[in-house]
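S.K.: The following block contains the structure, expressed as structure tokens.
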Amino acid sequence: MIRVSNHYISGFSVLLASIEAATLLAVFFAGAAIRFMQWDVPVSGSLISQLPGAVTFTFVILASMAALGMYQLDGRQDFEGILLRLLPSLALGFGFITLIFYLFPDLYFGRGLLAIVMLLALLLILIIRLLFFRWSGLDSLRPRALVLGAGVNAGELLDLIDKTSILPNLKIVGFVPFDKENRHVPAEMIIPKTGSLTSLVDQYDASEVIVATQERRGGTFPIQELLECRISGIKVTDLVGFFERECGHLRMDSLYPSWLVFGSGFNQGTLRTVVKRMFDIITSLLLLIVTLPIMLLTALLIVIEDGWPVFYRQERVGDAGKTYMVIKFRSMFNDAEKAGKPQWATADDPRSTRVGRIIRKLRIDELPQIINVLKGEMSFVGPRPERPHFVDMLSAQVPYYNMRHSIKPGITGWAQVRYPYGASIEDAIEKLQYDLYYVKNHSLFLDFVILIDTVGVVLLRKGSR
């Protein structure tokens with residue numbers, strides 16, 4: 001995994017994206033040569049003049065592919081599977097490029113050229129992916145890891161690596177068991193501890209030791225040997241750090257306060273705050289301009305179906321536990337909570353109007369929160385704001401829940417794009433694991449990743465609210 005601004009990205013995804021970025025740039029210039037029949041283009045001439053269009057085309061197509069999950073590497077990678085994701089990605093990219101042409105006419109490079117490069121991109125990316133996932137050398141690029149422990153945690157770790165991706169980021173070479181530990185991994189993967197950990201690491205050519213044991217007391221935990229591994233340049237990772245890196249969340253049942261206190265992250269500097277605020281304002285204004293026709297149509301449809309009001313205002317808990325009134329399009333009937341008791345919204349809530357069900361699936365009901373962002377009550381990206389009633393209930397039952405309120409809530413967020421719709425305490429705990437990851441590792445880079453993922457969530461109608 002590669003760490004960028006505290007956020008982890010699969011090395012295989014970066015490698016594949018780099019290859020495809022170079023391919024898309026080459027496709028653009030090749031398409032321009034075909035379209036205009038100019039094979040001998042001087043470097044100082046047409047090639048440079050075409051560079052803005054080439055960069056725009058490459059960036060938009062890569063972002064569209066990322067939005068539809070083509071770099072998560074967790075789906076089918078045969079011909080049909082790749083094609084079923086690639087075609088919608090290119091269609092999405094085509095739509096965004098058309099919008100960019102409208103907003104920035106100077107970048108316009110012609111419909112004929114766009115058609116040619118789209119066809120070339122479809123063909124070459126399809127070929128690249130079919131070859132990439134059949135390349136035998138990929139396995140040799142995976143780092144090798146030795147796991148300390150063979151119990152429940154070790155079994156879950158192995159399941160995660162085996163089942164969550166068709167291209168795991170590392171290779172488990174074996175498990176070193178502890179005394180009196182029930183085995184939850186295959187017997188053939190057990191490595192008897194006949195020597196020191198450093199000797200086992202050398203013997204199995206491992207570059208990392210993952211500590212997956214629950215018990216660290218009683219004098220049997222090899223802290224000195226782990227220290228020797230660190231001194232020797234071998235990476236040592238605990239279970240919380242492993243799940244943070246591989247899953248993008250902080251696993252609650254393995255989390256302990258000292259790990260949060262002494263670990264990295266939680267950057268809240270003045271520069272970060274100022275840049276984040278500028279990002280929020282610019283992004284919100286752009287979204288307001290682009291979606292204004294949709295918002296006006298939504299308001300009209302709400303009035304036609306269920307009358308006034310168009311918006312509803314509801315108290316939510318924000319930064320530092322302060323409350324504010326969130327603004328959304330009304331998606332439920334006027335008497336949705338006539339009993340007076342707050343209720344969790346569900347995926348197919350019977351209280352929703354017909355228009356409400358549509359705008360909730362497409363996240364259109366969230367758009368008026370742009371006003372909250374411009375007022376400084378929310379950020380564009382952050383944890384989902386919750387009602388005081390549920391905050392009080394969850395804070396009393398869920399450890400670390402109030403850490404969500406150390407930053408501003410957001411219209412979209414890491415938990416919203418990574419976890420399906422939730423409406424229970426158990427779901428709140430699962431989503432909190434992603435919120436804590438964001439609170440710990442938030443950066444403009446992660447915000448950008450979330451914005452791209454949000455596009456995919458809206459188009460594919462999955463994720464959380």
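The values are calculated or read from the model by the stated rules, or taken from the named source; none is laboratory data. Being a predicted model, the structure only gives us computed values, none of them experimental. When we count neighbours, we look across all protein chains shown, and the Cβ atoms used for this are built from the backbone with ideal geometry, even at glycine. Ligands, DNA and RNA are excluded from the accessible area calculation, which covers all protein heavy atoms including side chains. Shrake-Rupley method; radii C 1.70, N 1.55, O 1.52, S 1.80 Å.
S.K.: Find the helices (runs of 4 or more DSSP H) located wholly in region 337-424 whose residues include 2 or more that are modelled with pLDDT under 90 and more than 18 Å from M325 (Cβ to Cβ), and list them.
M.R.: Numbers: elements: 354-361, 369-375, 388-397, 414-418.
In region 337-424, the matching helices (runs of 4 or more DSSP H) lie at 354-361, 388-397, 414-418.
S.K.: Output the residues belonging to region 268-323 that are in contact with a Lys or Arg (Cβ under 8 Å, 6 or more places away or on another chain) and within 18 Å of I407 (Cα to Cα).
M.R.: Hits for region 268-323 are E315, R316, V317, G318, D319, T323.
S.K.: Considering region 185-202 alone, what residues qualify as being surrounded by 13 or more Cβ atoms within 10 Å (Cβ to Cβ), in a loop (DSSP other than H, G, I, E, B) and at pLDDT 90 or above? Let's see the steps before the verdict.
M.R.: From region 185-202, those surrounded by 13 or more Cβ atoms within 10 Å (Cβ to Cβ) are 185, 189-191, 193, 196-198, 200-202; that's our starting set.
Next, from what is left, pick out any that are in a loop (DSSP other than H, G, I, E, B): 185, 191, 193, 196.
If the condition is that a residue be surrounded by 13 or more Cβ atoms within 10 Å (Cβ to Cβ), in a loop (DSSP other than H, G, I, E, B) and at pLDDT 90 or above, then V185, I191 are the ones that fit.
S.K.: Can you tell me which of (1) open to solvent by 30 Å² or more (accessible area, probe 1.4 Å); (2) in contact (Cβ under 8 Å) with a residue 60 or more places away in the chain; (3) not aliphatic (A, V, I, L, M) is the one H405 doesn't meet?
M.R.: The single condition H405 does not satisfy is (1).
S.K.: Ok, one more. So if I check each of D253, D205, which one is outside any helix (DSSP H, G or I) and either within 24 Å of D435 (Cα to Cα) or open to solvent by 80 Å² or more (accessible area, probe 1.4 Å) (or both)?
M.R.: Details: D253 fails: outside any helix (DSSP H, G or I).
Just one listed residue meets the conditions, D205.
S.K.: I'm told R245 meets every condition in (1) more than 23 Å from the chain's Cα centre (by Cα); (2) open to solvent by less than 50 Å² (accessible area, probe 1.4 Å) except one. Can you identify the failing condition by its number?
M.R.: Against the list (1) more than 23 Å from the chain's Cα centre (by Cα); (2) open to solvent by less than 50 Å² (accessible area, probe 1.4 Å), R245 comes up short only on (1).
S.K.: Just to verify a result, which residue in region 118-133, among those that are over 16 Å from L15 (Cβ atoms) and touching a Leu at 6+ places or on another chain (Cβ under 8 Å), is surrounded by the most Cβ atoms within 10 Å (Cβ to Cβ)?
M.R.: Ranking the candidates gives A121 first.
S.K.: Just give me the residues in region 265-289 being among the polar types (S, T, N, Q), more than 14 Å from G376 (Cβ to Cβ) and free of Cβ contacts under 8 Å to residues at least 12 places away in the same chain, in sequence order.
M.R.: Answer for region 265-289, where residues must be among the polar types (S, T, N, Q), more than 14 Å from G376 (Cβ to Cβ) and free of Cβ contacts under 8 Å to residues at least 12 places away in the same chain: just T270.
S.K.: For residues in region 259-316 being open to solvent by less than 60 Å² (accessible area, probe 1.4 Å) and aromatic (F, W, Y), which is farthest from V373 (Cα to Cα)?
M.R.: My answer is W259.
S.K.: What residue, among those in region 220-242 that are open to solvent by 50 Å² or more (accessible area, probe 1.4 Å) and among the hydrophobic types (A, V, I, L, M, F, W, C), is modelled with the lowest pLDDT? Before you say what the answer is, go through the steps one by one.
M.R.: Within region 220-242, the first condition is being open to solvent by 50 Å² or more (accessible area, probe 1.4 Å), and the residues that meet it are 220, 223-224, 227-228, 230-233, 235.
Next, from what is left, pick out any that are among the hydrophobic types (A, V, I, L, M, F, W, C): 223, 227, 231.
On the way: I223: 87, L227: 92, I231: 92.
Step by step, filter region 220-242, then rank; the result is I223.
S.K.: Can you find a residue in region 229-238 that is in contact with a Leu (Cβ under 6 Å, 6 or more places away or on another chain) and part of a loop (DSSP other than H, G, I, E, B)?
M.R.: So the first thing to find is which residues in region 229-238 are in contact with a Leu (Cβ under 6 Å, 6 or more places away or on another chain), and the list is 229, 236.
Checking which are part of a loop (DSSP other than H, G, I, E, B) leaves us with none.
No, every residue in region 229-238 fails to be in contact with a Leu (Cβ under 6 Å, 6 or more places away or on another chain) and part of a loop (DSSP other than H, G, I, E, B).
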